[in-house]
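J.: The following block contains the structure, expressed as structure tokens.
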Amino acid sequence: MDFNLTEDRRMLQDSLNRYLGDKYPVDHRNKVAYALPCHDPDKWAEMAELGALFALAPEDAGGFGGTGFDIMVVFEALGRALNPEPLLGAAMASRLMTKIGADQEVLLSGATKYAVAVGEVEAPYDLDSITCTATAKGAGHVLSGRKSAVYGGQVADVILVAAMLDGKPALFEVQASDAQIAGYPMMDGGGAAEVLLDDTPAKLLMADAADALTDALNAGTLALCAEAVGAMDVTHATTLDYLRTRKQFGVPIGKFQVLQHRAVDMLTEIEQSRSITIKAASELDGPDASRFVSMAKNLIGRAARLVAEEAIQMHGGIAMTWEYPVSHYAKRLVMLDAQLGDTDYHLSRVMAGLKAA
Amino acid sequence: MDLSFAPEEIAFRDEVRAYLAENLPKRISDAVRNGGEQTKEMLEEWHAILNRKGWLATTWGVDFGGPGWTPVQKHIFEEECCRAYAPRIVPFGLNMLGPVLQAFGSKEQQDYYLPRILDGTDWWCQGYSEPGAGSDLASLKTRAVREGDHYIINGQKTWTTLGQHANMIFCLCRTDPAAKQQEGISFILVDLATPGIEMRPIRLIEGGHEVNEVFFTDVRVPVANLVGEENKGWTIAKFLLTHERTGIAGVGFSMQSLEEVKALARKIRRAGRPLIEDPLFAARIAQAEIDLEAMKITNLRMLFKAQQQGAPGPETSILKIKGTVIHQELKDLARRALGPVAAPFPGSMTDGNIMFGPEGTANNAARYFNNRKTSIFGGSNEIQRNILTKTMLEL
């Protein structure tokens, strides 16, 4: 049993935290995050140089990480800085490409940006309900349908698309330039896109891709959990600073027990969130990955909303303003619940395990 | 990071598991499983079995006859004991007074009392809380006045767990009423056979007799029974409360409770299907299971830290708060799963041939009510929040 990070991961964590703190602070982040393309190409390149993308793939795929713990370390740092760059798509795409043994040099170097398109308007989370279909045409395939909430899709060069082929979800590669892409900034910053496919040429990467897609979704969900832990830590620390300095009735408001106990409850939920994320990370490559990832996303959905709403409440007005960073953290913490399966969706997945038992 | 136990820890777990399978009498584990009364004789028998193996005083150093386990080994042992439905080791002598005497007691006190704790000669109980001093323990009023070679003790203690079995009590008494609250308290050992002591049962919410109140009227106690220095008892009290908090997450008990709830929900049918497939009930089980899974890791993280730093930190209060709330939720689910079958008052079923509910579950309502205590004792969850406010949040 060892809860310390390896030296390599600690160094990566330190350098990412330092870089993002110095070069990508919240005021710059806010300039990037809420307007298309929700992306700063220079900073993206620098983050790639620091290894933020190489850490997402195992050594035999050209990276230097690729485990759940590597994903956890990278995304926790991104969460601390509320970073809007499109790493989620890269992380999921890298998992898929590792599974099919595709070369991912251009993904890991940051030269080519990838997004993964699974969810649809009427079925945002499920692999089972995909309606986007693939048809053989000439030597290849064409895809038709609409993919929804494709994170990073607004700047992606390549989109990995889940589409039905012979009654099974298959994995295709689509060049962004071949599809109709409607990008948008999100409420909580960062970009996504609706991807419209209409006889769009696509390269088949894997015919029966349900397991590979589930794995990619698990990895992406773990990434979101780690991001939430990072964002919750900063939100809590900022709230504590405020409780120590803001005076009313002649004393710092942190002297009031009603606020102290609520601040403790935030701490408790954050530690529980950190624990379940560590557990999910440790199980990502195991047989029960879906179960533990769902446990993590469910708990974090509850905790993140509590932390966000309590932080706003305890700041009493100031965190309602655009200018104060906590407002942006709070938005991210609430909205990430709806990414790749919300609390209820993941609770159902855990419940399904009870039924089978 | 690596969440798995080391090979030697797994070997240790297997050794404990095998030992329990071999040596824990079924009569005793059945009583624990069924939530029936654990008699004094049963508890003493179990203590004696563990003592023969050298596994009774798990928190003691090797010098004093403890097994010298790491925090992880202690954790594994406790988890396995829960898994096997072994009775919980009665903590007052073994896990509270023992460590206190080792840290603060005189050589004479150690030599005399520690072996008697191990072999069961003495059954200790705790004289801390008073009717007017609960969370604010330092406001305690029980007086010990020095008269020659004796203290004369007057006052009242309460919530004395299993005091009805005890022959000895350790007490916090006020020895200097003029000093500031925490500075006039002493830690004194009292033989319950001393004239002037009366123990009265307190009947608890579910009807059981688990705690007592103890009245002291002009009780003469030799000065030799003072532990540590006079008026320095508060340091000992705090030390002891820290020991009381270790293992307080009760992860093993919650895992046991979760399995019970699941087993019950598979047997009981509602709306034409097993209760475990009812979406509302299944959601409650699943959420409790998720919280418990996180709790297990939080517990291991703190064990790991304790192992590295040599002592548990203030963050163990998180374990107390969350651990008790999860356990209470599971006890609530067990009660709700049974529905009306949980209603018969414990012991009210005169025909021993009729089972109410699946085996051992008829006490689920009683257990639910009894377990409301866990968020109150050992420093209420609100006090734990105060501790965390000071130590972790620095507000």
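The values are calculated or read from the model by the stated rules, or taken from the named source; none is laboratory data. Just so we're clear, the structure is a prediction, and the values are computed from it rather than from any experiment. Backbone-built Cβ (ideal geometry, glycine too); neighbour counts: all protein chains shown.
J.: Of the residues that make up the range A:271-283, is at least one within 9 Å of another protein chain (Cβ to nearest Cβ) and among the basic types (K, R)?
T.: yes
J.: Can you tell which of A:R305, A:R274 is more than 22 Å from A:V74 (Cβ to Cβ) and not assigned by TED's automatic domain parsing to the domain that holds A:G189?
T.: A:R305
J.: While we're on this one: Cβ contacts < 7 Å: first residue assigned to a helix (DSSP H, G or I) and charged (D, E, K, R), restricted to the range A:249-269; second residue buried (at least 20 other Cβ atoms within 10 Å of the Cβ) and modelled with pLDDT of 95 or more, any location; separation 6+ or different chain. Result?
T.: Here the result reads A:R262/A:E310; A:R262/A:M314; A:E269/A:A303; A:E269/A:V307, each pair linking the range A:249-269 to a residue that is buried (at least 20 other Cβ atoms within 10 Å of the Cβ) and modelled with pLDDT of 95 or more.
J.: Suppose the filter is surrounded by fewer than 22 Cβ atoms within 10 Å (Cβ to Cβ), modelled with pLDDT under 95, over 18 Å from the mean Cα position of the chain (by Cα) and outside the structural domain of A:P58 (by TED's automatic domain parsing); does A:G286 pass it?
T.: Taking the combined requirement at face value, the residue does not satisfy it.
Residue-by-condition table, conditions (1) among the hydroxyl-bearing types (S, T, Y); (2) in contact with a Pro (Cβ under 9 Å, 6 or more places away or on another chain); (3) under 29 Å from B:N363 (Cα atoms); (4) buried (at least 19 other Cβ atoms within 10 Å of the Cβ):
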| position | (1), (2), (3), (4) |
| --- | --- |
| B:I10 | no, no, no, no |
| B:L43 | no, yes, yes, yes |
| B:N51 | no, no, no, no |
| B:I117 | no, no, no, yes |
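J.: Let me confirm something: among A:I276, A:I253, which residue is of a type in the set (V, I, T) and under 26 Å from A:D126 (Cβ atoms)?
T.: A:I276
J.: Moving on to the next point. Mind checking which residues of the range B:1-31 are in a loop (DSSP other than H, G, I, E, B), more than 14 Å from chain A (Cβ to nearest Cβ) and under 24 Å from B:N299 (Cβ atoms)?
T.: Of everything in the range B:1-31, just one residue is in a loop (DSSP other than H, G, I, E, B), more than 14 Å from chain A (Cβ to nearest Cβ) and under 24 Å from B:N299 (Cβ atoms), namely B:L24.
J.: For the range B:179-225, what are the residues that are modelled with pLDDT of 95 or more, touching a Phe, Trp or Tyr at 6+ places or on another chain (Cβ under 7 Å) and among the hydrophobic types (A, V, I, L, M, F, W, C)?
T.: Matches in the range B:179-225: B:I185, B:F187, B:I188, B:L189, B:I197, B:V211, B:V221, B:V223.
J.: Can you say whether B:A282 is within 7 Å of another protein chain (Cβ to nearest Cβ) and either assigned to a helix (DSSP H, G or I) or modelled with pLDDT under 95 (or both), as far as the supplied structure shows?
T.: yes
J.: Kindly evaluate A:R274 against the criterion of being crowded, with 20+ Cβ neighbours inside 10 Å, in contact with a helix residue (DSSP H, G or I) (Cβ under 6 Å, 6 or more places away or on another chain) and under 29 Å from A:A212 (Cα atoms).
T.: Criteria met by A:R274.
J.: For the range B:99-114, which residues satisfy the criterion of being assigned to a helix (DSSP H, G or I) and farther than 13 Å from B:L241 by Cα?
T.: If the condition is that a residue be assigned to a helix (DSSP H, G or I) and farther than 13 Å from B:L241 by Cα, then B:L101, B:Q102, B:A103, B:F104, B:K107, B:E108, B:Q109, B:Q110, B:D111, B:Y112, B:Y113, B:L114 are the ones that fit.
J.: For A:S290, are the conditions met, namely being part of a helix (DSSP H, G or I), more than 17 Å from B:R385 (Cα to Cα) and facing chain B (nearest Cβ under 10 Å)?
T.: Answer is no for this residue.
J.: Okay, moving on. Take the residues in the range B:297-336 that are more than 8 Å from every other protein chain (Cβ to nearest Cβ) and among the basic types (K, R); name whichever of them is farthest from B:I76 (Cα to Cα).
T.: B:R336
Yes/no per residue for (1) in a helix (DSSP H, G or I); (2) within 14 Å of another protein chain (Cβ to nearest Cβ); (3) farther than 17 Å from A:V229 by Cβ; (4) out of contact with any helix residue (DSSP H, G or I) (no Cβ under 7 Å at 6 or more places or on another chain):
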{"residue": "A:V326", "(1), (2), (3), (4)": "yes, no, no, no"}
{"residue": "A:Y329", "(1), (2), (3), (4)": "yes, no, no, no"}
{"residue": "A:V334", "(1), (2), (3), (4)": "yes, no, no, no"}
{"residue": "A:D337", "(1), (2), (3), (4)": "yes, no, no, no"}
{"residue": "A:L340", "(1), (2), (3), (4)": "no, no, no, no"}
{"residue": "A:H346", "(1), (2), (3), (4)": "yes, yes, no, no"}
{"residue": "A:R349", "(1), (2), (3), (4)": "yes, yes, yes, no"}
{"residue": "A:A352", "(1), (2), (3), (4)": "yes, yes, yes, yes"}
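J.: Now for a different question. Output the residue which, of all residues in the range B:228-259 that are among the acidic types (D, E) and either farther than 27 Å from B:F377 by Cβ or within 14 Å of chain A (Cβ to nearest Cβ) (or both), is surrounded by the most Cβ atoms within 10 Å (Cβ to Cβ).
T.: B:E230
J.: Something else: Kindly indicate which of A:L205, A:L243 is part of a strand (DSSP E or B), of a type outside the set (S, T, N, Q) and modelled with pLDDT of 95 or more.
T.: Selected residue: A:L205, the only one of A:L205, A:L243 that is part of a strand (DSSP E or B), of a type outside the set (S, T, N, Q) and modelled with pLDDT of 95 or more.
J.: With (1) away from chain A (no Cβ under 14 Å); (2) under 30 Å from A:L354 (Cβ atoms) as the list, and B:V219 as the residue in question, which single condition is left unmet?
T.: Among (1) away from chain A (no Cβ under 14 Å); (2) under 30 Å from A:L354 (Cβ atoms), B:V219 violates only (2).
J.: Separate question: Any chance the range A:303-322 includes a residue that's part of a helix (DSSP H, G or I), more than 24 Å from A:V116 (Cβ to Cβ) and within 11 Å of chain B (Cβ to nearest Cβ)?
T.: Checked against the condition, which is being part of a helix (DSSP H, G or I), more than 24 Å from A:V116 (Cβ to Cβ) and within 11 Å of chain B (Cβ to nearest Cβ), the range A:303-322 yields at least one hit.
J.: Also: Taking only the range B:195-207 into account, find how many residues are surrounded by 16 or more Cβ atoms within 10 Å (Cβ to Cβ) and either in a helix (DSSP H, G or I) or under 23 Å from the mean Cα position of the chain (by Cα) (or both).
T.: Final tally of qualifying residues: 2.
J.: Under 7 Å between Cβ atoms, which residue pairs at least 6 apart in sequence (or on different chains) link something in the range A:59-85 that is outside the structural domain of A:N218 (by TED's automatic domain parsing) and surrounded by fewer than 23 Cβ atoms within 10 Å (Cβ to Cβ) with a partner that is in a helix (DSSP H, G or I) and modelled with pLDDT under 95?
T.: If the second residue must be in a helix (DSSP H, G or I) and modelled with pLDDT under 95, no pairs are left.
J.: If you don't mind, another one. Would a scan of the range A:175-187 turn up a residue that is among the hydrophobic types (A, V, I, L, M, F, W, C), part of a strand (DSSP E or B) and closer than 20 Å to A:D342 by Cβ?
T.: No, every residue in the range A:175-187 fails to be among the hydrophobic types (A, V, I, L, M, F, W, C), part of a strand (DSSP E or B) and closer than 20 Å to A:D342 by Cβ.
J.: Here's another thing I want to ask about it. Among the residues of the range B:263-279, how many are closer than 20 Å to B:Y85 by Cα and either within 7 Å of chain A (Cβ to nearest Cβ) or not in a helix (DSSP H, G or I) (or both)?
T.: Qualifying residue count, the range B:263-279: 0.
Yes or no, residue by residue, for (1) of a type outside the set (D, E); (2) assigned to a loop (DSSP other than H, G, I, E, B); (3) over 28 Å from B:E130 (Cβ atoms); (4) at pLDDT below 95:
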{"position": "B:N299", "(1), (2), (3), (4)": "yes, no, yes, yes"}
{"position": "B:V341", "(1), (2), (3), (4)": "yes, no, yes, yes"}
{"position": "B:M349", "(1), (2), (3), (4)": "yes, yes, yes, yes"}
{"position": "B:G379", "(1), (2), (3), (4)": "yes, yes, no, yes"}
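J.: Continuing with the same structure: State whether the residues of the range A:107-130 include one that is part of a helix (DSSP H, G or I), closer than 28 Å to A:C38 by Cα and of a type outside the set (K, R).
T.: So far as the range A:107-130 goes, yes, one or more of its residues are part of a helix (DSSP H, G or I), closer than 28 Å to A:C38 by Cα and of a type outside the set (K, R).
J.: Does the range A:250-267 contain at least one residue that is away from every other protein chain (no Cβ under 14 Å) and either of a type in the set (A, V, I, L, M) or more than 28 Å from B:T389 (Cα to Cα) (or both)?
T.: no
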